[in-house]
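Q: Shown below is the structure under consideration.
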Amino acid sequence: MTEKEKKKRAADVVEALKEIYPSALCALEYEGDPWRLLVMGRLSAQCTDARVNIVCRDLFARYPDVYAMAAAEYADVEKLVFSCGVYKVKAKNLVDFSRMIIEDFGGEVPDNMEDLLKLPGVGRKIANLILGDIYHKPAIVADTHCIRISGRLGLCDSKDPHKVEIALKALIPDEEQSDFCHRLVLFGRETCAARAPLCESCPFKDFNCKK
């Protein structure tokens with residue numbers, strides 16, 4: 001497929017997903033708070049969004065903001081995030097990046113990739129989530145759904161998150177990128193699952209998708 005053909009296909013996918021999912025909302029219930037989304041994004045690694053939403057009800061009741069978390073003891077946070085997996089590392093990251101946000105960024109979650117990547121436990125996926133949802137900047141969140149579906153649709157031919165991010169940035173208009181990724185998550189859960197995709201009812205069944 002030529003780059004022109006890929007752009008045409010990407011545009012078709014964007015429009016189709018907009019029709020299916022008019023409201024492209026993040027599955028994490030962060031209530032518009034940048035720091036809470038950062039926390040939830042970190043906890044979501046190797047964990048479901050549904051589990052993170054449940055865990056964070058108690059976590060945010062105990063530590064409602066960056067200042068409360070920065071003053072927390074690792075062991076206390078570990079108990080609250082245990083069910084999210086890799087809990088010792090995640091708890092340490094939450095406390096450490098909260099302290100760093102206060103000390104280095106005046107209590108505000110950074111609004112650029114370079115500074116976000118300085119935060120402990122924050123990689124490009126979480127950084128792009130923040131940039132797209134909070135700061136409304138062009139951002140591709142290359143999670144498992146994004147990588148799998150964009151590969152099946154022929155939009156990219158890599159499983160490396162950074163390469164997928166770069167490929168999709170070249171194909172998806174800036175203003176569509178963040179919502180496009182949220183829609184891919186919804187589409188991946190409902191139709192294009194990893195193990196049993198519902199190909200017969202898929203709106204892209206004529207695309208000769210890769211299995």
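Q: How many residues are assigned to a helix (DSSP H, G or I) and basic (K, R) when one looks only at segment 199-211?
A: Going through segment 199-211 one residue at a time, the tally reaches 1.
Q: Does any residue in segment 46-62 that is aromatic (F, W, Y) come within less than 9 Å, Cβ to Cβ, of a residue that is surrounded by 14 or more Cβ atoms within 10 Å (Cβ to Cβ) six or more places away or on a different chain, and which pairs are these?
A: As it stands, the answer is F60/D33; F60/R36; F60/V39, since those pairs meet every condition given.
Q: For segment 182-193, how many residues are among the hydrophobic types (A, V, I, L, M, F, W, C), open to solvent by less than 30 Å² (accessible area, probe 1.4 Å) and either touching a residue at least 60 places away in the same chain (Cβ under 8 Å) or closer than 23 Å to L131 by Cα (or both)?
A: Counting residues in segment 182-193 that are among the hydrophobic types (A, V, I, L, M, F, W, C), open to solvent by less than 30 Å² (accessible area, probe 1.4 Å) and either touching a residue at least 60 places away in the same chain (Cβ under 8 Å) or closer than 23 Å to L131 by Cα (or both) gives 3.
Q: State yes or no: is D179 at pLDDT below 90, assigned to a helix (DSSP H, G or I) and either open to solvent by 30 Å² or more (accessible area, probe 1.4 Å) or closer than 24 Å to D49 by Cβ (or both)?
A: So D179 fails the test.
Q: Another one. Kindly provide the set of residues from segment 152-176 that are aliphatic (A, V, I, L, M) and assigned to a helix (DSSP H, G or I), ordered by number.
A: Within segment 152-176, V164, I166, A167, L168, A170, L171 meet the criteria.
Q: Does A196 satisfy being open to solvent by less than 70 Å² (accessible area, probe 1.4 Å), part of a loop (DSSP other than H, G, I, E, B) and out of contact with any helix residue (DSSP H, G or I) (no Cβ under 7 Å at 6 or more places or on another chain)?
A: Here the answer is yes, as A196 does meet what is asked.
Q: In segment 106-151, what count of residues is obtained for those that are part of a helix (DSSP H, G or I) and surrounded by fewer than 17 Cβ atoms within 10 Å (Cβ to Cβ)?
A: Adding up the residues that qualify gives 4.
Q: While we're looking at this one, here's another question. Pick from E5, E31: which is open to solvent by 50 Å² or more (accessible area, probe 1.4 Å) and either outside any helix (DSSP H, G or I) or modelled with pLDDT of 95 or more (or both)?
A: Residue meeting the stated conditions: E31.
Q: So, D49, is that one modelled with pLDDT under 95, within 16 Å of the chain's Cα centre (by Cα) and acidic (D, E) or not?
A: Yes: the conditions hold for D49.
Q: Find all pairs meeting these conditions: Cβ atoms under 8 angstrom apart; at least six residues apart or on different chains; first residue within segment 152-167 and open to solvent by 70 Å² or more (accessible area, probe 1.4 Å); second residue in a loop (DSSP other than H, G, I, E, B).
A: From segment 152-167, the pairs are H162/A142; K163/C156.
Q: On to the next question. Between a first residue in segment 10-39 that is touching a residue at least 60 places away in the same chain (Cβ under 8 Å) and within 28 Å of N93 (Cα to Cα) and a second residue that is open to solvent by 40 Å² or more (accessible area, probe 1.4 Å) and not in a helix (DSSP H, G or I), which pairs have beta carbons less than 7 Å apart while being 6 or more apart in sequence or on different chains?
A: Partner pairs satisfying both residue conditions: W35/D65.
Q: Let me ask you something else. Please give the number of the condition C26 fails out of (1) closer than 18 Å to G121 by Cβ; (2) crowded, with 17+ Cβ neighbours inside 10 Å; (3) under 21 Å from the mean Cα position of the chain (by Cα); (4) not charged (D, E, K, R).
A: Looking at each condition in turn, C26 falls short on (1).
The values are calculated or read from the model by the stated rules, or taken from the named source; none is laboratory data. All of these numbers come straight from a predicted model, not from anything done at the bench. A quick note on method: Cβ atoms are made from the backbone with ideal geometry, for glycine too, and the neighbour counts reach across all protein chains shown. Heavy atoms of the whole protein, side chains included, go into the accessibility calculation; ligands, DNA and RNA do not. Shrake-Rupley method; radii C 1.70, N 1.55, O 1.52, S 1.80 Å.
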